[in-house]
1. For the stretch 14-53, enumerate the residues that are among the basic types (Lys, Arg) and either over 14 Å from the mean Cα position of the chain (by Cα) or exposed (fewer than 11 other Cβ atoms within 10 Å of the Cβ) (or both).
2. Pull out all pairs, ordered by first then second residue, where Cβ-Cβ is under 9 Å, the residues are six or more apart or on different chains, the first lies in the stretch 15-44 and is without any contact (Cβ under 8 Å) to a residue 60 or more places away in the chain and on the phi < 0 side of the Ramachandran plot, and the second is surrounded by 12 or more Cβ atoms within 10 Å (Cβ to Cβ) and among the polar types (S, T, N, Q).
3. Which ones in the stretch 1-23 are at pLDDT 65 or above, farther than 19 Å from residue 48 by Cβ and not basic (Lys, Arg)?
Amino acid sequence: MSMPDELTGLRWRPRVTEDVTLQIPSDMLDVLREVAEGGDMSVEALMKLYIGTGLRRDLERAFATQIPDR
């Protein structure tokens, strides 16, 4: 169940976007379509989810080494 922004405190802000072209194997795109359909989302949304998840993981790793020991 989704909650109104007023209850969650979330504030959505528009973000600048750019179009990119990505060449991937056809069989990989077929799998992405199947996964996206199973999750009731578009292939574009699924790819953004995967990219965002990977970026967050990599940033956590990168910054984890910069935290001083106490």
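The values are calculated or read from the model by the stated rules, or taken from the named source; none is laboratory data. Quick caveat, the model's predicted, so the values are computed rather than measured. With ideal geometry, Cβ positions are generated from the backbone for all residues, glycine too; neighbour counts draw on all protein chains shown.
1. 15, 33
2. These pairs meet every condition: 36/42.
3. 8, 9
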